[in-house]
Amino acid sequence: MPEESKAGEQLPGSGARLFRLPPVAVFWEADPAPGIPEFGVEVRAMSARLASALVEVAVYHGTVARDEGLGEAVGAAGSLARRLSATVGAPDGDRLAAASPVEEYFRTRTAVLSAPQAALQAVLVIHRGLIDLRTAPLAGSDLDCELAAMRQALVDLVGCTSASAEELVHGDAQSQHASPTSAPQEMWLARWIIGHHIHALFNVCATSALKDALSHLRAGTVREAVDRLRRAVVYVRGVPASRAHAAAMPADFYRHIVRPTMTPPIVSLPLSGRMHTGFQTFRESLEELLLVLPESVDELARREPELAFVREELLEADLIEAERHVCLAESAVAGARSLIQAPRSGENAVAMLRLMRHKRAARYAPFVRFGDDVAAASHKGATNS
């Protein structure tokens, strides 16, 4: 199982000594979703063991209990990854062309994958993420959301439906106590990529769930649509947590070592979230949801209350994601401009993210009970002037 890339690779332009980058993670097109493969009893039991371990991490019980729980999850994920790797043919990510500069930089690719291949890729990403979480100074609330989204990915991609004691198997604990890399700089650079792999996993899973919900809404199967939207909520809540995971490093290190690697001449052009085609697909799908369900929260609640409130949950989670991005950017780059802003721009990265947040809040105001009326009124005034 290629858990690490060849020794000697480093983040371009980082100036750090050589370290091991995570391998290329291969994801799938969100529509259609890959489905759930027909794995045997052993794989289902191993998946159930991992799902149980993710639930049982003592997030708020101190560092020792938290690390012990994460260690159990690492062991379970490693066992499942090795088992799937032995039977599922994984695509060679290094041989796949990147669809964008963002894919090239963050070592991700998109390809047509079978259901077993998608399950394997998800488990590999989860395994590497869990190993890194043991040393990442993540807030308990973020860890909670990230682990919940990992578990949802197991349910949706591997087919784990329960974690009852009789299903559990004793896994190989070989990687249960994996040690961190030798130097913190190496760990932070690898974390930057690992965290973004988790971010990409949650994004594609959220998009698949959302597109599935749209299909059910068009077919009139509301109960199934509500279920898919609830799954999407779990993933969207995991997105800002995974971003915080990726950025769990000193701000000075990010500014002076990591950030310059995302600009020329290290890459062909400055990197931007707009280049992330998977993220754009998610945003388009979310806008499509509002076109399919154009009623206000009050109107929809009178007709389909469950649907109205789960739509509200999804939009609130997406708005929180934007707000968390503002806060993270402020602590990481302070007053600096974004990588794609002109040197003489009158705004900076944080201001641009705030504007994106306000536009999102204005768009969502009619669909949530406690909308941002100030943002909505301001946006309406600006567009009417």
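The values are calculated or read from the model by the stated rules, or taken from the named source; none is laboratory data. These numbers were taken from a predicted model, which means no experiment stands behind them. Please note: Cβ atoms are built from the backbone with ideal geometry, for glycine as well, and neighbour counts cover all protein chains shown. Side chains included, ligands, DNA and RNA excluded: accessible areas come from the protein's heavy atoms. Shrake-Rupley method; radii C 1.70, N 1.55, O 1.52, S 1.80 Å.
Between a first residue in the range 181-204 that is under 13 Å from HIS245 (Cβ atoms) and a second residue that is β-branched (Val, Ile, Thr) and open to solvent by 10 Å² or more (accessible area, probe 1.4 Å), which pairs have beta carbons less than 7 Å apart while being 6 or more apart in sequence or on different chains? If the second residue must be β-branched (Val, Ile, Thr) and open to solvent by 10 Å² or more (accessible area, probe 1.4 Å), the pairs left are MET187/THR135; MET187/THR181; ALA190/THR181; HIS197/THR108; HIS199/VAL239; ALA200/THR108; PHE202/VAL239.
Just one residue in the set VAL258, VAL297 is within 22 Å of GLU104 (Cα to Cα), open to solvent by less than 20 Å² (accessible area, probe 1.4 Å) and touching a Phe, Trp or Tyr at 6+ places or on another chain (Cβ under 6 Å); that residue is VAL258. Candidates in the range 53-106 are the residues that are polar (S, T, N, Q) and surrounded by 14 or more Cβ atoms within 10 Å (Cβ to Cβ); of these, the one that is nearest to HIS127 (Cα to Cα) is SER79. Would a scan of the range 308-323 turn up a residue that is touching a residue at least 60 places away in the same chain (Cβ under 8 Å), over 18 Å from the mean Cα position of the chain (by Cα) and open to solvent by 60 Å² or more (accessible area, probe 1.4 Å)? Within the range 308-323 (the criterion being touching a residue at least 60 places away in the same chain (Cβ under 8 Å), over 18 Å from the mean Cα position of the chain (by Cα) and open to solvent by 60 Å² or more (accessible area, probe 1.4 Å)), the answer is no, since none of the residues qualifies.
Table: residues versus (1) out of contact with any strand residue (DSSP E or B) (no Cβ under 6 Å at 6 or more places or on another chain); (2) among the charged types (D, E, K, R); (3) free of Cβ contacts under 8 Å to residues at least 60 places away in the same chain.
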position: GLY78; (1), (2), (3): yes, no, no
position: THR108; (1), (2), (3): no, no, no
position: LEU138; (1), (2), (3): yes, no, no
position: ASP156; (1), (2), (3): yes, yes, no
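Residue check: is VAL236 under 16 Å from LEU289 (Cα atoms), in contact (Cβ under 8 Å) with a residue 40 or more places away in the chain and surrounded by fewer than 24 Cβ atoms within 10 Å (Cβ to Cβ)? If you could, list the steps in order and put the result at the bottom.
Values: under 16 Å from LEU289 (Cα atoms): yes; in contact (Cβ under 8 Å) with a residue 40 or more places away in the chain: yes; surrounded by fewer than 24 Cβ atoms within 10 Å (Cβ to Cβ): no.
No: the conditions fail for VAL236.
Is there a residue in the range 306-316 that is within 30 Å of PRO264 (Cβ to Cβ) and of a type in the set (Asp, Glu)? No: the range 306-316 contains no residue that is within 30 Å of PRO264 (Cβ to Cβ) and of a type in the set (Asp, Glu). Residues that are surrounded by 18 or more Cβ atoms within 10 Å (Cβ to Cβ) and assigned to a helix (DSSP H, G or I) were ranked within the range 156-180; the one that is modelled with the lowest pLDDT is GLU167. Applying the condition of being surrounded by fewer than 20 Cβ atoms within 10 Å (Cβ to Cβ) and in a loop (DSSP other than H, G, I, E, B) to the range 24-44 and asking which residue is farthest from the chain's Cα centre (by Cα) yields GLY40.
I want to confirm something. Restricting to the range 136-148 and keeping residues that are of a type outside the set (A, V, I, L, M) and open to solvent by less than 50 Å² (accessible area, probe 1.4 Å), which single residue is farthest from the chain's Cα centre (by Cα)?
GLY140
Here ALA382, ALA336, ALA362 are screened, and the one residue that is surrounded by 19 or more Cβ atoms within 10 Å (Cβ to Cβ) and either under 26 Å from the mean Cα position of the chain (by Cα) or more than 27 Å from VAL226 (Cβ to Cβ) (or both) is ALA362. Picking from residues in the range 107-135 that are open to solvent by 30 Å² or more (accessible area, probe 1.4 Å) and in a helix (DSSP H, G or I), the one that is farthest from MET249 (Cα to Cα) is PRO116. For first residues located in the range 247-270 and over 21 Å from CYS327 (Cβ atoms), partners that are of a type in the set (S, T, N, Q) and open to solvent by less than 40 Å² (accessible area, probe 1.4 Å) and lie 6+ apart or on another chain with Cβ distances below 7 Å form the pairs ILE257/SER14; THR261/SER14; PRO270/THR263. Is there a residue in the range 67-85 that is out of contact with any Ser or Thr (no Cβ under 9 Å at 6 or more places or on another chain) and in a loop (DSSP other than H, G, I, E, B)? No, there is no match, as no residue in the range 67-85 is out of contact with any Ser or Thr (no Cβ under 9 Å at 6 or more places or on another chain) and in a loop (DSSP other than H, G, I, E, B).
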